[in-house]
Structure formats: C-alpha cells, structure tokens
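Undergrad: First, the structure itself, so that you have it in front of you.
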Amino acid sequence: MKLDNCSAVITGASAGIGREFARQLAPRAQRIVLVARRGDRLEELRLELQQTNPALRVEIRVADLSVLEQVMELGRDLSKDQPVDFLINNAGLGDYGSVSTADPRRLNEMIQVNVLALTALTRALLPQMIAQKRGGILNVSSSAGFLPIPGFAVYAATKAYVTSFSEALRAEVRGSHISVCALCPGPVHTEFMTVAAQRQPRSETAPEFVHVPVEKVVRAGLNGIERDNALIIPGSMMKIGMALARLSPIALMRLGWRFSKGRV
Ligand SMILES: NC(=O)c1ccc[n+]([C@@H]2O[C@H](COP(=O)([O-])OP(=O)(O)OC[C@H]3O[C@@H](n4cnc5c(N)ncnc54)[C@H](OP(=O)(O)O)[C@@H]3O)[C@@H](O)[C@H]2O)c1
C-alpha cells in the first residue's frame, strides 16, 4: 500500500512507538487520527504535527481501549467523515511478574488492549477498506510473541495472538489490495518498560546491543506495509536471534526454564 495521502488511525499515539509513527507519517498523510487516553499529550503532538505539516488534518480521539464500549464507539465513529485506509494498531502494555501474583484487573486490561481492541478496530475498519480496494493494517506485535516467556506469560501470549491473527488476516484479504503486516520489535527504549515493571521491577534487562532505536523500528514498519511484507523484525541482531529462537525445540526451552526456576 502506498502511504501518500493516506487517512490513518494510530492507537497509542501519546508516547513511544505510536508517537514516532505519527511523526514519520505526517509529511505523507492527508489525515491522521491520534488515539490514546492522555489527551494533553495528544494535543501537544497535534500542535507539533500541524506546525510542521500545515496541510495535514490531525484529529484527536481520547479513548480507553481497555473498555470495550469505547472501542466499539471509536470503531463506529472513525470512518464517519472520511474513510480510514491505514490502521496502525499500536497501543499495548506489558506486566512483569508471575501469573499467580498478578493483579487480575491488570491482566484483563492487557488482554483487552493488546488483543480485543486490536481485533475490534480491525473488524470495524476492514469492510470499508475492502470496498475501497485500498488499505493497510499494521499490527504492532512483538518478538516476545515468538516464544512463551515465564514472568511475562500473558504479554507474550497476547503478542503470539497478534502475530498469528495478522498472518491469517493477510491470507483472508489476499486479492483485495489490502496489506496486513505484523511488526515484531525486540526491546525499544520507550515508556513500555516503566509501565510493565510497575508491579515487579525486572531483575534482568535486555542488553543494550539488542535494543533498536524507535525511529528505526517505525521506519521498518512503514516500509514493511509499503512493500506488503507479512512480518517485520527490526534490527539485524533481533532478526538472527528470533530466527534461532523460532527453530529451537520446545523441549530445549523447557530444559532451560527448569534450570532458571525461581528467577521469575
Ligand atoms: N518498547 C518495547 O520494548 C516494545 C517491544 C516490542 C513491542 N512493543 C509494542 O509496541 C507498542 C507500543 O509500545 P511502546 O513501546 O511505544 O510503549 P509506551 O511508550 O508505553 O506507549 C504505549 C502506548 O499505548 C497507549 N495505551 C496503553 N494502554 C492504553 C489504553 N488502555 N487505552 C488507550 N491507549 C493505551 C498509551 O497511551 P495512554 O497511556 O495515553 O493511553 C501509549 O500511547 C505496544 O503494543 C508494545 O507491546 C514495544
């Protein structure tokens, strides 16, 4: 899908990867709808984008994507004025710690935002894209979705859903001129880690050399949708690491977990 003059929706645009998507897309898009809970952040970003791109139409939608009614309302409203042809399902959160000690409300929030909101917004906007014979859906998944991760079990499972869902959706819409791409970054310096470590600080953090700058992650995602790639893993270290991880037999992983028992 060519992104020039697109009408885009970016969820989770108030910080990190979503905010960078807005910045990189702004010079090319015709309209961008910014979605998140923190309206003041979105307003700041709107002013910045408008200043640097006077012809761009920037709209703000304050919504809590963990509340299904708000997601459904958003899905209904988004295409009222003008059809949306590019959906970036980026909003998401993690929560470190074992399942047995997790706050059930937090687990619910994670599944609602990472899985249900992403699915509901896709369902809401897809028919119009198919009718227009033009569209792109970029789902921000994670390399965490390739493997079960003790201590990050629910987050990794939600991202496994996103990657699997994206691949199947891509096959379903083949021939409709719709691109579907799963972006699977490894660690990126954003607010993600702070949010995920609210309950339990991480004992081990990923080494610096596997981190990929947010600008590079977003560039890879936008290139991926334009080239109609199915799956993008930004950064050569992560690409190699994930290729090896995906080839590893589950028996080997279980052995590793046995030796690391108690460290979650
Ligand atoms: N950073 C990483 O290492 C990393 C790696 C792989 C994948 N990812 C994925 O990348 C995506 C973006 O994460 P990030 O790194 O940019 O994290 P971030 O800096 O924490 O940004 C998360 C965004 O999601 C929004 N969000 C969270 N809960 C929401 C809710 N209930 N309703 C509406 N919006 C909500 C936040 O907005 P408000 O708080 O204003 O609502 C914020 O804009 C996520 O899907 C994450 O899983 C991140």
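The values are calculated or read from the model by the stated rules, or taken from the named source; none is laboratory data. Everything numeric here is computed off the predicted structure, so don't read it as measured data. Don't worry about glycine lacking a Cβ; one is built from the backbone with ideal geometry, like all the others, and counts go over all protein chains shown. Surface areas here come from the heavy atoms of the whole protein model, side chains and all, with no ligands, DNA or RNA. Shrake-Rupley method; radii C 1.70, N 1.55, O 1.52, S 1.80 Å.
Undergrad: Using only the alpha carbon atoms of the chain, find the Kirkwood hydrodynamic radius as the inverse mean reciprocal pair distance, in angstroms to one decimal.
TA: Computed over Cα pairs of the chain, the Kirkwood hydrodynamic radius comes out at 18.8 Å.
Undergrad: Running a GNM on the chain with Cα contacts under 10 Å, which residue among Val99, Val84, Val33 ends up with the highest mean-square fluctuation?
TA: Looking only at Val99, Val84, Val33, the biggest GNM fluctuation is shown by Val99.
Undergrad: Mind checking the dipole of the range 7-259: about its Cα centre, +1 per Lys or Arg Cβ, -1 per Asp or Glu Cβ, Debye to the nearest 20?
TA: Dipole about the Cα centre, nearest 20: 500 debye.
Undergrad: I would also like to ask the following. Give a residue-ordered list of calculated ³J(HN,Hα) values for the range 35-48 (Karplus: 6.51 cos²θ - 1.76 cosθ + 1.60, θ = phi - 60°; whole Hz; x for Gly, Pro).
TA: Here the 3J(HN,Hα) series is 10, 4, 8, 7, x, 5, 5, 5, 5, 4, 5, 4, 4, 4 Hz.
Undergrad: Go through Ile32, Ile60, Ile240 and list them by solvent-accessible area, largest first, probe radius 1.4 Å. Write down the numbers at each step before the final one.
TA: Numbers: Ile32 0, Ile60 50, Ile240 100 Å².
Greatest to least solvent exposure: Ile240, Ile60, Ile32.
Undergrad: Right, here's the next one. Under a Cβ-Cβ cut-off of 12 Å, what is the net charge of the residues other than Asp4 that fall near it, where Lys and Arg count +1 and Asp and Glu count -1? All intermediate terms of the calculation are to be shown ahead of the outcome.
TA: Working: positive: Lys2, Arg28, Arg134; negative: Asp85, Glu226.
Overall, the nearby charge balance is +1.
Undergrad: Could you order Phe21, Phe209, Phe146 so the one with the most accessible surface comes first? Probe is 1.4 Å.
TA: If we order Phe21, Phe209, Phe146 from most to least accessible, we get Phe209, Phe146, Phe21.
Undergrad: Which one, Ser164, Ser179, Ser141, has the greatest fluctuation when you compute a Gaussian network model over the chain with C-alpha springs under 10 angstrom?
TA: Largest GNM mean-square fluctuation: Ser164.
Undergrad: Carbon and sulfur: what percent of the chain's accessible surface (1.4 Å probe)?
TA: Details: 7240 of 12950 Å².
Using a 1.4 Å probe with all protein chains present, the chain comes out at 56 percent carbon and sulfur.
Undergrad: Kindly write out, for the range 181-192 in residue order, the coupling ³J(HN,Hα) from the Karplus curve 6.51 cos²θ - 1.76 cosθ + 1.60 (θ = phi - 60°), rounded to whole Hz, with x marking Gly and Pro.
TA: Values per residue, Gly and Pro as x: 9, 9, 9, 10, x, x, x, 9, 6, 9, 7, 3 Hz.
Undergrad: Follow-up. Using only the heavy atoms of the protein chains and a 1.4 Å probe, how would Lys159, Lys80 rank by accessible area, largest first?
TA: Ranking Lys159, Lys80 by accessible area, largest first, yields Lys80, Lys159.
Undergrad: Please compute the per residue accessible area over the chain with all protein chains in place, 1.4 Å probe, rounded to a whole number of Å².
TA: Value for the chain: 49 Å² per residue.
Undergrad: Which of the lysines could a cross-linker bridge to Lys80, judged by Cα under 29 Å and excluding same-chain residues fewer than eight apart?
TA: Lys2, Lys133
Undergrad: Relative to the first principal axis of the alpha-carbon coordinates of the chain, what is the inclination of helix 68-77, with its axis defined by its Cα atoms, in degrees from 0 to 90 and to the nearest 10?
TA: 30
Undergrad: With the chain treated as a Gaussian network of Cα nodes joined by springs under 10 Å, which of Thr101, Thr52, Thr190 yields the largest mean-square fluctuation?
TA: Thr101
Undergrad: In terms of modelled amide H atoms, which long-range or inter-chain residues lie less than 5 Å from the amide H of Leu231?
TA: Long-range HN contacts for Leu231: Ala182.
Undergrad: Tell me, how many Å apart are the Cα centres for the range 1-76 and for the range 126-176?
TA: 20
Undergrad: On to the next question. Tell me which of Asn223, Thr194, Ser248 sits at the most positive position along the dipole axis of the range 187-264, charges placed on C-beta atoms (Lys, Arg +1; Asp, Glu -1).
TA: Ser248
Undergrad: So if we plug the beta-carbon distance of Leu252 and Ala168 into 1/(1 + (r/R0)^6) with R0 = 30 Å, what FRET efficiency do we get, rounded to 0.05?
TA: With a Förster radius of 30 Å, E is 0.65.
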